[in-house]
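S.K.: My questions all concern the structure below.
The values are calculated or read from the model by the stated rules, or taken from the named source; none is laboratory data. In this text, all values refer to a predicted model and were calculated from it rather than measured experimentally. Note: ideal-geometry Cβ built from the backbone for every residue, glycine included; neighbour counts use all protein chains shown.
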Amino acid sequence: MLPVVAYQVANNINIKASKQQLHWQMLFQGTDEVFYLHSKDKYIYLFQYGMVSFFNLTKLEIDNALQAIKPLCDTYFEHMISEEVNVEIKANTIQVNFESIVLPGINSEMIRLVMLNASQSVALNLYSEITETLLIETNEHTKYLESKGKLNISNNKLKRFIGKILNIKNKISENLYIFDSPEITWDDEQLNKLNTDLKQTFDLKDRYHLIHDRIEIIKENLELFKDIMDHRESSRLEWIIIILILVEVVDMFILKML
């Protein structure tokens, strides 16, 4: 069994700098990802959104690789979300199971697909945790609104909350290729089937839809909160105008009396 281990190591990895500074042999590069041959039958895959995946490296080799990658990271995580899947080599066989993935040989493109999907799975785990926390926080505000008839969140905090949700949605759209097939699968039936089976086994699409639905629920709640706040602010301004008019009328009346 040969392990594929994927880690969420940071918010972002500087892919451009990694191409210049890391000494491993580059097999594939894109604007937001780079795939390396570390040594014979050992691979490393970096993604701009903070993911790193390793194939067939020892723990010591992984630790050394992470130290080399660390200076390229924005907000390096000491406690990382990770996922591991084992690859078994068996002649003339391609099979994707929950326990392991069977490949006919150590083919770099097949290995890259396994590492890509494992990385996407870890990223979904992270976004699932984040959106679940935000949904719980949103529900606390809706419960307070139900019981008290008013909101217990400031206008500034609400705006930052909305900004956070939009940033998460943008990151997911920019960085996760749940519905897109890599170019290497377009003209290769074996690679295309392997990629499809990996997505199904990692349950990527359903998990993506769950996260997307959570974000939409949170957005709907926040937009409602914003409407309530805008109405409250509008009412406050109306009262201020009414009071100013009354003051002006009283002032004119007093002047006429004098």
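S.K.: Would you pick out the residues in region 96-130 that are of a type in the set (Asp, Glu) and not in a loop (DSSP other than H, G, I, E, B)?
M.R.: 109, 129
S.K.: Additional query: Being in a helix (DSSP H, G or I), more than 24 Å from the chain's Cα centre (by Cα) and surrounded by fewer than 19 Cβ atoms within 10 Å (Cβ to Cβ) narrows it down to one residue among 142, 196, 93, 133; which is it? Outline the logic, then answer.
M.R.: On the way: 196 fails: more than 24 Å from the chain's Cα centre (by Cα); 93 fails: in a helix (DSSP H, G or I); 133 fails: more than 24 Å from the chain's Cα centre (by Cα).
Residue meeting the stated conditions: 142.
S.K.: Right, next: Restricting to region 148-198, give me the number of residues that are closer than 30 Å to residue 35 by Cβ and not β-branched (Val, Ile, Thr).
M.R.: Total satisfying the criteria: 26.
S.K.: Criterion first (part of a helix (DSSP H, G or I), farther than 16 Å from residue 135 by Cα, among the basic types (Lys, Arg) and modelled with pLDDT of 85 or more) does residue 164 satisfy it?
M.R.: no
S.K.: State yes or no: is residue 10 on the phi < 0 side of the Ramachandran plot and touching a Cys at 6+ places or on another chain (Cβ under 9 Å)?
M.R.: In short, yes.
One line per residue, one yes/no per condition, for (1) polar (S, T, N, Q); (2) at pLDDT 95 or above:
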site: 12; (1), (2): yes, no
site: 16; (1), (2): no, no
site: 25; (1), (2): yes, yes
site: 32; (1), (2): no, no
site: 35; (1), (2): no, yes
site: 42; (1), (2): no, yes
site: 49; (1), (2): no, no
site: 53; (1), (2): yes, yes
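S.K.: If we keep just the residues of region 96-128 that are surrounded by fewer than 14 Cβ atoms within 10 Å (Cβ to Cβ) and under 19 Å from residue 205 (Cβ atoms), which is modelled with the lowest pLDDT?
M.R.: The residue in question is 98.
S.K.: Exactly one condition in (1) more than 25 Å from residue 111 (Cβ to Cβ); (2) more than 16 Å from the chain's Cα centre (by Cα) is not met by residue 167; state its number.
M.R.: With (1) more than 25 Å from residue 111 (Cβ to Cβ); (2) more than 16 Å from the chain's Cα centre (by Cα) applied to residue 167, the lone miss is (2).
S.K.: What's the number of the condition residue 80 fails, among (1) modelled with pLDDT under 95; (2) more than 17 Å from residue 8 (Cβ to Cβ); (3) of a type in the set (A, V, I, L, M)?
M.R.: Residue 80 satisfies all of (1) modelled with pLDDT under 95; (2) more than 17 Å from residue 8 (Cβ to Cβ); (3) of a type in the set (A, V, I, L, M) except (2).
S.K.: A further question on this structure: Based on what the data block shows, is residue 150 closer than 25 Å to residue 13 by Cα and without any contact (Cβ under 8 Å) to a residue 40 or more places away in the chain?
M.R.: no
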